[in-house]
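Notes to accompany the following structure.
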Amino acid sequence: MNHSEKKELTYQFKVAAFYSFTELAEDTILLLSSDLSLIGNKYNIMGTILVSYEGINGTICGVQEGVDYLIEVINNICTCEPLELKVSWTDQQAFRRFKVRHKAEIVTMGISEVDPRHQVGEYVEPLDWNEFLKDPETLVIDTRNHYEVGIGSFEGAINPKTNSFREFPSWVEAFLRPLVSKTKPRRIAMFCTGGIRCEKATSFLKNQGFEGVHHLHGGILRYLEEIPESQSLWNGECFVFDQRVALNHDLLPGEHLLCYACGMPLDLNDRLKSSYIRGVQCHYCEKLFSDSDRARFAERQKQYDQRLQKLLQNEAGA
């Protein structure tokens with residue numbers, strides 16, 4: 001029995017992160033939106049799925065039967081390109097609701113001429129990624145947001161310190177282009193959580209005339225899945241956009257929790273600071289909100305704790 005099968009037996013919920021840059025017609029988008037909403041409701045699946053003319057992108061969580069069926073339906077409808085799929089497991093639901101949304105882009109950069117369906121950089125498989133990291137002539141770039149980079153990244157990777165992916169093109173012109181002109185790297189290699197942002201980033205760079213552009217196939221999640229920890233060059237945890245907050249090298253929930261006031265990920269040391277009040281504030285946001293805001297946050301946390309306590313009491317009495 002392999003490691004993945006052991007997780008399957010131990011954890012109740014399956015989490016599937018997937019995307020595909022593929023041509024989708026209007027009738028296909030409508031069919032996807034309708035069918036996936038019905039399946040999500042039937043199997044009590046939670047998460048978010050984005051559909052667009054450029055493809056599909058989503059992360060969902062539920063019992064294995066429902067998640068597997070939903071992925072099968074997507075593959076049957078989106079026949080042009082296979083899904084880039086990553087799987088992990090958890091002992092509690094990772095999302096609070098289920099949404100299928102029609103968007104202009106499945107990952108928002110805001111530049112219409114960037115199209116990964118027609119132009120993209122070279123894929124680097126996880127087994128070959130360490131060689132890129134160790135090569136002094138390769139610029140390695142983390143295309144994620146600054147708060148994601150803050151809890152884990154590959155050593156030596158450049159952090160653009162962006163607040164959203166929309167800022168990446170501006171960073172390229174302001175910082176990357178001059179850096180490439182000065183250092184003349186042999187290659188540029190980019191990575192992100194699951195592969196979708198760095199894939200679109202390579203399309204943008206090629207569109208802007210950059211050469212030797214590569215990206216990690218399947219992102220950090222696939223690297224952590226395929227590379228043994230003893231050989232790994234990953235440091236820290238990997239931020240995910242759900243209630244697990246971050247995953248460790250076993251793709252299981254790590255030590256980070258969210259500040260529910262500002263949304264920043266907090267490790268144990270952050271939560272031990274005097275500024276931290278659960279559900280109300282942390283050291284990132286203690287000066288951002290008014291007293292009335294904090295009173296409202298405190299009341300929200302109180303109601304949540306009461307609901308949780310009632311749920312636990314009901315389960316104990318069942």
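So for region 122-238, averaging the separation of alpha carbon pairs under 8 Å that are six or more residues apart and normalising by length, what relative contact order in percent results? Write out the running numbers ahead of the final one.
Numbers: 187 pairs, mean separation 41.5, N = 117.
Reported as a whole number, the value is 35 percent.
Think of it as helices only: each DSSP H run of n ≥ 4 in the chain is worth -39500 (n - 2.57), and spread over all residues that comes to -11000 deg cm²/dmol at 222 nm.
Ignoring lysines fewer than eight residues from Lys310 along the same chain, the ones with Cα atoms less than 24 angstrom from its Cα are Lys302. Residues considered: His283, His217, His118. Largest GNM mean-square fluctuation over the chain, using C-alpha springs under 10 Å, is found at His118.
Computed on the chain, with alpha-carbon pairs under 8 angstrom and 6+ residues apart, the relative contact order is 14 percent.
One decimal place: the segment Arg101-Glu81 gains 5.2 nm when fully extended, by the rule 0.36 nm per residue minus the C-alpha distance. Note on Asp128 and Phe241: with the Förster distance fixed at 41 Å, the Cβ-Cβ geometry gives a FRET efficiency of about 0.90.
Treat each spin label as a single point 7 Å out from the Cα along the C-beta direction, and report the Asp27 to Val63 distance in nm. Result for the modelled spin labels: 3.5 nm. Placing a label point 7 Å from the Cα of Glu255 along the Cα-to-Cβ direction, the residues of region 130-149 whose backbone N falls under 18 Å of that point are 148-149. A crude spin-label estimate for the pair Asp115 and Glu137, with each label 7 Å from Cα along the Cβ direction, gives 3.4 nm. A straight line joining the Cα centroids of region 111-149 and region 49-98 runs 23 Å. When the Gaussian network model of the chain links Cα atoms closer than 10 Å, the mean-square fluctuations of Glu229, Glu54, Glu237 top out at Glu229. Dipole size of the chain about its Cα centre, with +1 on Lys/Arg Cβ and -1 on Asp/Glu Cβ: approximately 1180 debye, rounded to the nearest 20.
Over all directions, average the projected area of the Cα convex hull of the chain and note it in nm². If you can, show how the numbers build up before the last one.
Numbers: hull surface 75.8 nm².
For the Cα atoms of the chain, the hull's average projected area reads 19.0 nm².
I'd like the trypsin sites (Lys or Arg not before Pro) in region 163-211 restricted to DSSP loop residues with at most 16 other Cβ atoms within 10 Å, sorted by number.
Details: sites: Arg166, Lys182, Arg186, Arg187, Arg197, Lys200, Lys206; in loops: Arg186.
Loop-located and lightly packed - Arg186.
Among the listed pairs Lys86/Lys200; Lys14/Lys86; Lys182/Lys206; Lys86/Lys206, a Cα-Cα separation exceeding 21 Å is found for Lys86/Lys206.
Listed by chain and number, the aspartates and glutamates placed with their C-alpha closer than 17 angstrom to that of Lys273 are Glu255, Glu286; residues fewer than eight positions away on the same chain are left out.
Bear in mind that the values in this text are calculations on the coordinates, not laboratory data. Please read all numbers here as calculations on a predicted model, not as lab measurements. Note: ideal-geometry Cβ built from the backbone for every residue, glycine included; neighbour counts use all protein chains shown.
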